[in-house]
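These notes concern the structure reproduced below.
The values are calculated or read from the model by the stated rules, or taken from the named source; none is laboratory data. Values in this document were obtained by computation on a predicted structure and should not be read as measured data. When we count neighbours, we look across all protein chains shown, and the Cβ atoms used for this are built from the backbone with ideal geometry, even at glycine.
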Amino acid sequence: MKSQSISKVKLGGRPKVVKKSKGLPQILVDISENIDQLITIDIPLRGATDILYRAAREKISIPLTLAAAQALANNIKAKDIIFIATGWPDRPQVSLQIGETDGPLGAAVLSRALHQAFNAVPFIFIEQQLVAAMAKVTQAAGFKVLTPAEAIKAVNSKAPIHAASVLSFPTDVNEAARTSSELIQKYKPSAVICIEKAGMNSQGYIHSIRGEEKTKYIAKIDLLVREANRSGIITIGIGDGGNEIGMGIIREKIRPLLPFGNKCHCPCGEGIVSVTKTDFLVTATVSNWGAYGIVASLAILLGSPEVFHNGEIECRVIQGCADAGLIDGISGYVGESVDSLPKKIHIAIVDLLTEMIKKGLEMVDRVGRNDG
Ligand SMILES: [Zn+2]
């Protein structure tokens with residue numbers, strides 16, 4: 001594909017605006033354009049996917065996945081600690097032990113990729129009652145789950161041991177503020193990434209995409225992100241519904257377009273959209289795919305295809321989610337599906353991305369990285 005040709009490409013009826021990016025070879029932009037398109041195909045017909053992507057893309061001239069990947073590549077040094085937050089206590093009125101498969105899977109895969117690419121040490125934050133489930137999913141992605149001190153020791157160990165830490169994060173706002181400042185000071189992470197992590201609206205309330213108020217059940221990662229923003233640490237939000245952390249940067253645009261954007265079912269009257277901003281926002285059909293897209297663009301950017309996981313690992317991590325008792329947030333079943341899409345669809349997306357990375361890197365080899 002010629003560098004300019006992609007500006008004429010229309011997929012799914014969505015015209016893409018492709019401007020030349022400063023400092024990035026056009027070929028990388030072209031490849032990531034396709035990655036963005038793949039992860040935003042609205043297979044389950046949720047409706048929000050296109051609204052979110054268009055709004056996010058208006059803010060930035062290069063593909064969302066590439067912008068996030070570039071920020072990670074520019075800011076993470078070997079052995080750095082990375083904070084990743086996820087978790088959605090689902091149906092908390094039934095039991096606090098219920099969590100869903102979208103988010104933890106992406107967090108585990110992203111952790112694996114950042115460890116593989118930078119020898120980074122991932123710390124994954126989630127609600128206290130979901131720590132055990134998240135640890136199982138993280139283990140399914142290949143990590144030994146250890147304490148923070150042990151995970152840091154592991155990265156310096158001569159005998160290879162690949163460790164991550166899974167930690168609980170408070171739901172109480174004041175406690176979350178204290179914890180955030182302690183964590184940032186102690187561990188100095190080089191990035192804070194939120195995946196499918198619901199965030200506060202302008203009144204401090206957190207909602208489901210169906211407009212129900214769930215504030216008290218959710219870890220207040222908003223405080224961690226705000227502390228990171230103040231400290232000059234790169235922040236990335238990944239979401240698929242509009243209620244997640246990171247949507248703050250497109251809030252005004254999406255509020256009138258989402259079913260519960262302006263009006264929720266609770267008296268707060270402010271709707272579901274989070275005000276919490278991140279430096280970068282990646283929207284996708286399924287939040288996990290947003291993580292896969294970032295990793296795919298990172299693999300291209302670094303010229304390292306092995307950074308991206310594969311269908312086999314995807315299969316194992318999805319199985320890990322089921323074994324951990326996580327549910328499909330839409331169907332409500334414990335099983336190997338995410339957001340109503342069966343395992344084979346997620347594996348297919350991973351296989352397609354794998355092929356796109358392979359073909360993309362072949363093309364980069366052919367045209368060189370200096371065509372920008
Ligand atoms: Zn409300």
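Observations on the model:
- Residue list for the range 235-290, filter: of a type in the set (Gly, Ala, Ser) and at pLDDT below 95: Gly269
- If only residues of the range 184-202 that are assigned to a strand (DSSP E or B), more than 16 Å from the ligand (Cβ to nearest atom) and not β-branched (Val, Ile, Thr) are counted, the one that is surrounded by the fewest Cβ atoms within 10 Å (Cβ to Cβ) is Ala191.
- Residues that are in a helix (DSSP H, G or I), over 20 Å from Arg366 (Cα atoms) and out of contact with any Asp or Glu (no Cβ under 8 Å at 6 or more places or on another chain), drawn from the range 18-56: Asp36, Gln37, Leu38, Ile39, Ile51, Arg54, Ala55, Ala56
- Lone unmet requirement of (1) touching a helix residue (DSSP H, G or I) at 6+ places or on another chain (Cβ under 7 Å); (2) surrounded by fewer than 20 Cβ atoms within 10 Å (Cβ to Cβ) for Thr86: (2)
- Some residue of the range 290-313 being outside any helix (DSSP H, G or I), of a type in the set (Ser, Thr, Tyr) and surrounded by fewer than 20 Cβ atoms within 10 Å (Cβ to Cβ): yes
- Within the range 246-282, considering residues that are touching a residue at least 60 places away in the same chain (Cβ under 8 Å) and among the acidic types (Asp, Glu), the one nearest to the ligand (Cβ to nearest atom): Glu270
- The range 203-233 - residue that is within 30 Å of Ala73 (Cβ to Cβ) and assigned to a loop (DSSP other than H, G, I, E, B) and, of those, nearest to the ligand (Cβ to nearest atom): Lys220
- If you go through the range 344-370 and pick out every residue that is crowded, with 19+ Cβ neighbours inside 10 Å and either without any contact (Cβ under 8 Å) to a residue 40 or more places away in the chain or under 25 Å from Ala132 (Cβ atoms) (or both), you end up with 1.
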